[in-house]
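S.K.: Take this structure first; my questions come after.
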Amino acid sequence: MNFVHIILLILGITSCYVPSVQSLPNIHAIAGDVSEPLELVVNNTNEFIIYYSKMDQNPYPYRIIISSDNADTKNPILVVVRQERYITSWELPFSQLTSRKETKYYNVTSRTLCPNNMNEINQAPNLLSVMQTKVTQQLTVALSSSCNYGTVVRVELAREEKFFINHGLPSNLAVSPSQPRYAFYRFKDNDSDTATIEVESSDDNCLIVSIQDSQCPVFDLNKDVRFKGKFQTVSKKGGLTIKRRDFHEGFFIVFVAQPDNSDCSEDLTLDPGVDYYYERNSDETTNVTFVVQRSLDRNQYINSMMITLAAIFIFYVIAIALIVIFRKYGSIKDLTASSLQISLRDDEVDDAYPRSVQDIIYVLEKNNLDVKTLTKYPLKDKKRSFNYLWHIMSIAIFYSIPVIQLVITYQRIVNVSGNEDLCYYNFLCAHPTMTFSDFNHIYSNIGYLFMGILFLIATAHRQSIIPFRFEIGIPVHYGIYYSMGVALIIEGLLSACYHICPSQSNYQFDTSFMYVMAVLCMIKLYQNRHPDLNATAYSTFSVLGAGIMMATLGIMNGTLTVWLIFIFGYSLMCLYISFKIYYLSYILKGFNKLRQDISKLGFASEVFIPVKKARFIILVLVNLLNTTLLLAGMSLYFKGGTDFGTFLLGLLMANAILYILFYLVMKIYNNEKLCTEAIVYFILAIVTWTAATIFFLDAATLWTVTPAESRQWNQECILLGYYDKHDVWHLLSAPALYFTFMFLMCLDDDIIDKKQDEIPVF
């Protein structure tokens, strides 16, 4: 008796042990029958070799099922299946390591045996000829163990009738961690260039779906399924788009179940929600239903893209026609040149209108101001507005270059590794082109580029017919309009870059210039009535840079601490801007005047009564609304209903909308009517924004969760068989932004010939 035996006896262990070298097992060779399962008793003295010879394959492969109720975990049954060309081996009970480093054991195992004639199947002219062939196969199954007591093993061989699949016909397979399954799809001559695989699962158990080329062996275990082809995790719903050029003859669709849900759990997200980790019950199976659908061919790709360009061309014709009609029949049809339209140098203008202490006191104490009072430096303000254009062009260049480099690297990694969990595509409507996995979501951003160019053309046209004029109408600062057009173009570029590989780590690429456009709209509205006091491009883009940095931190690590820091900083900024607006940028002068009033009158009530009551009330209301928005965001954060990037975008857009509504109300209050062109563009903006928002809210992906959970939101294409709802959002929001910008440009055309000393400030 060796040392190991003594230790086992001392511990009272009567399970399996390794036999001594001198004791040789008895090897039993038996003939197997496909139609009759076998039950064998295997131990350290009895090994079995089962011969299955001359089996008609017809041409389906076979699936071997081996199970045991009392197999020992320390000395398992060793299963070796030898085919004519391949060897497959595993242990019973089958062991799997969970994400928590715990080992789970499964008593029922099964493996599909890759056909020996796969080369002939691949070279056959079509699948029909394959189905009509008959082949024979020889198979050997060896069972052995180191246990000293008998273990009952059940061996069953069954034909895999669901191996060959046809497009459009649903198939169903039952899988578990110890029972992977796979099927084969063969392209037909009339198939399109791409195919879409739709996958649905009967429960929340995590699966890996892999697409592998039609060559044996097939990697169908958790330890190797990621090493071949392309793969993705699936919880309840999944989808894959297959390019025919990557799998010329056909491909295997492999389903491998995970022992737990760690690969599909929110623990892997940047902003994890409720932890719902669970493990599978032993030998529990999941029913998977999948179907292979033909996708678009090259001509359909081209037709969809050409129809999109044709629609943009028609939009251009209509938009330019509107500009021409409004020029001829709108509010500016009778525009006359002002006698004050003269050329002055900046220093001459500044000397003519010095900003004295008396002027500042007048501005602070005057309740109803006019635009002329706040237009002391018209030429300087005009040139200063073009700083926005140069700043935004510089930012766009230096921001876009690393973005483009990064997302192209992401796409290359996806193509090389086959890991489709890296990018949050709508796999049920993702049309690959060239090296891009989801070209339609990239191409649908073309509207932003064309709408931005169109707005630049409209701005240049307006600048040619309405030159800079002194003391007449709202001061025209075209630099901000040009900046808005460039921002729209860059938004299209960055959104296209984001959609090359949308993920949790690059969401800010898609939203950064949305922040810029929202802020530029507010800056432009404020500039209309406060030309001298408008924020400079330096301060504006500095604040925007800080906001984008906070958005990035919030997206990468959206913890409560980041939210609290942002809320504190945003509240201070709102307070500062409120003082700046109330005191018309002379904050220190305003506080000095308040201090002087207190020193003279004490803390009397009249000291604290605001001089500009309407402005004060509006600022209080705006701050209350912003506080409400912050509280709503915090509430949604605690409920897991929003992410930091989306919240910040919503906050800025809400402020822009509120400012536009306030501006409209104040125009009406001051007996300024809305011109026809402004009304038309406003209605068009409302209609397109409403339609676009409907499609935006019905999301087809969700980047804040795991890739498997995001795929549960995937949807079919709805337009031309090429675009999904998010593509439609792109195509509709681009003209919506154009109409919004045109509305802002035409908003004050009703007072274009009115003297500035008759235009109120609000």
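The values are calculated or read from the model by the stated rules, or taken from the named source; none is laboratory data. These numbers were taken from a predicted model, which means no experiment stands behind them. Because the Cβ atoms are built from the backbone with ideal geometry, glycine has one as well, and the counts that use them run over all protein chains shown.
S.K.: Of the residues Gly485, Gly492, which single one is assigned by TED's automatic domain parsing to the domain that holds Ile397, under 29 Å from Phe439 (Cβ atoms) and more than 23 Å from the chain's Cα centre (by Cα)? Lay out the reasoning, then the answer.
M.R.: Working: Gly492 fails: more than 23 Å from the chain's Cα centre (by Cα).
Only one candidate qualifies: Gly485.
S.K.: Hey, among the residues in the range 557-585 that are of a type outside the set (A, V, I, L, M, F, W, C) and surrounded by 17 or more Cβ atoms within 10 Å (Cβ to Cβ), which one's farthest from Val622 (Cα to Cα)? Don't jump to the end; show me each part of the working.
M.R.: Step one: of the range 557-585, the residues of a type outside the set (A, V, I, L, M, F, W, C) are 557-559, 561, 569-571, 576, 578, 580, 582-583, 585.
Going one step further and asking which of them are surrounded by 17 or more Cβ atoms within 10 Å (Cβ to Cβ), we end up with 558, 570, 578, 582-583, 585.
Working: Gly558: 26, Tyr570: 13, Ser578: 9, Tyr582: 12, Tyr583: 16, Ser585: 18 Å.
This residue is Gly558.
S.K.: It is to be established whether one or more residues within the range 185-207 are more than 26 Å from Cys429 (Cα to Cα) and not polar (S, T, N, Q).
M.R.: Start the filter on the range 185-207 by keeping residues that are more than 26 Å from Cys429 (Cα to Cα), which leaves none.
Checked against the condition, which is being more than 26 Å from Cys429 (Cα to Cα) and not polar (S, T, N, Q), the range 185-207 yields no hits at all.
S.K.: Can you tell me which residue among Gly485, Gly554, Gly492, Gly479 is touching a Leu at 6+ places or on another chain (Cβ under 8 Å), modelled with pLDDT under 85 and either buried (at least 20 other Cβ atoms within 10 Å of the Cβ) or of a type in the set (Asp, Glu) (or both)? Show your work before the answer.
M.R.: Details: Gly485 fails: modelled with pLDDT under 85; Gly492 fails: modelled with pLDDT under 85; Gly479 fails: modelled with pLDDT under 85.
None of the other options fit; the residue is Gly554.
S.K.: Which members of the range 221-248 meet the condition of being crowded, with 21+ Cβ neighbours inside 10 Å and in a loop (DSSP other than H, G, I, E, B)?
M.R.: Matches in the range 221-248: Ser235 only.
Each row is one residue, and each column tells you yes or no for (1) assigned by TED's automatic domain parsing to the domain that holds Cys264; (2) in contact (Cβ under 8 Å) with a residue 60 or more places away in the chain; (3) surrounded by 24 or more Cβ atoms within 10 Å (Cβ to Cβ); (4) under 22 Å from Leu664 (Cβ atoms).
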site: Pro707; (1), (2), (3), (4): no, yes, yes, no
site: Leu720; (1), (2), (3), (4): no, yes, no, no
site: Ala734; (1), (2), (3), (4): no, yes, yes, no
site: Tyr738; (1), (2), (3), (4): no, yes, yes, yes
site: Leu744; (1), (2), (3), (4): no, yes, no, yes
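S.K.: Here is a follow-up. For the range 456-471, does any single residue satisfy the condition of being in contact with a helix residue (DSSP H, G or I) (Cβ under 7 Å, 6 or more places away or on another chain), closer than 21 Å to Arg245 by Cβ and not hydrophobic (A, V, I, L, M, F, W, C)?
M.R.: Let us first name the residues in the range 456-471 that are in contact with a helix residue (DSSP H, G or I) (Cβ under 7 Å, 6 or more places away or on another chain), namely 456, 458-459, 461-463, 465, 468, 470-471.
Next, only the ones that are closer than 21 Å to Arg245 by Cβ stay: none.
Within the range 456-471, none of the residues are in contact with a helix residue (DSSP H, G or I) (Cβ under 7 Å, 6 or more places away or on another chain), closer than 21 Å to Arg245 by Cβ and not hydrophobic (A, V, I, L, M, F, W, C).
S.K.: Next up: Could you tell me whether any residue of the range 398-419 is crowded, with 23+ Cβ neighbours inside 10 Å and either part of a loop (DSSP other than H, G, I, E, B) or modelled with pLDDT under 90 (or both)?
M.R.: Looking for residues that are crowded, with 23+ Cβ neighbours inside 10 Å and either part of a loop (DSSP other than H, G, I, E, B) or modelled with pLDDT under 90 (or both), one finds none in the range 398-419, hence no.
Matching residues to (1) surrounded by 14 or more Cβ atoms within 10 Å (Cβ to Cβ); (2) at pLDDT 85 or above:
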position	(1), (2)
Glu39	no, yes
Asn44	yes, yes
Phe48	yes, yes
Lys54	no, no
Asp69	no, yes
Asn75	yes, yes
Leu78	yes, yes
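S.K.: Exactly one of these conditions fails for Val218: (1) surrounded by fewer than 19 Cβ atoms within 10 Å (Cβ to Cβ); (2) outside any strand (DSSP E or B). Give me its number.
M.R.: All conditions are met except number (1).
S.K.: Evaluate the range 682-689: report whether one residue or more is closer than 23 Å to Asn440 by Cβ and of a type outside the set (Val, Ile, Thr).
M.R.: Here is the first cut: in the range 682-689, the residues closer than 23 Å to Asn440 by Cβ are 688-689.
Subsequent filtering for residues that are of a type outside the set (Val, Ile, Thr) retains 689.
Yes: the range 682-689 contains one or more residues that are closer than 23 Å to Asn440 by Cβ and of a type outside the set (Val, Ile, Thr).
S.K.: Determine if the range 168-175 includes at least one residue that is closer than 30 Å to Trp90 by Cβ, outside any loop (DSSP other than H, G, I, E, B), among the small types (Gly, Ala, Ser) and more than 31 Å from the chain's Cα centre (by Cα).
M.R.: The answer is yes; a qualifying residue exists.
S.K.: Name every residue in the range 192-213 that is surrounded by 21 or more Cβ atoms within 10 Å (Cβ to Cβ) and either part of a helix (DSSP H, G or I) or not aliphatic (A, V, I, L, M) (or both), in order of residue number.
M.R.: Once the filter is applied, which keeps residues that are surrounded by 21 or more Cβ atoms within 10 Å (Cβ to Cβ) and either part of a helix (DSSP H, G or I) or not aliphatic (A, V, I, L, M) (or both), the range 192-213 yields Thr194, Thr196, Ser201, Asn205, Cys206, Ser210, Gln212.
S.K.: Further question: Of Asn655, Asn671, which residue is assigned to a loop (DSSP other than H, G, I, E, B), over 24 Å from Leu449 (Cβ atoms) and not hydroxyl-bearing (Ser, Thr, Tyr)?
M.R.: Numbers: Asn655 fails: assigned to a loop (DSSP other than H, G, I, E, B).
Only one candidate qualifies: Asn671.
S.K.: Suppose the filter is farther than 28 Å from Val516 by Cα and at pLDDT below 95; does Leu720 pass it? Walk me through it before giving the result.
M.R.: Working: farther than 28 Å from Val516 by Cα: yes; at pLDDT below 95: yes.
So Leu720 passes the test.
S.K.: Assess whether Val543 counts as being β-branched (Val, Ile, Thr), assigned by TED's automatic domain parsing to the domain that holds Phe741 and closer than 25 Å to Leu369 by Cα. First the steps, then the outcome.
M.R.: Working: β-branched (Val, Ile, Thr): yes; assigned by TED's automatic domain parsing to the domain that holds Phe741: yes; closer than 25 Å to Leu369 by Cα: no.
It is false that Val543 is β-branched (Val, Ile, Thr), assigned by TED's automatic domain parsing to the domain that holds Phe741 and closer than 25 Å to Leu369 by Cα.
S.K.: Kindly list the number of the only condition in (1) at pLDDT 85 or above; (2) part of a helix (DSSP H, G or I) that fails for Tyr105.
M.R.: (2)
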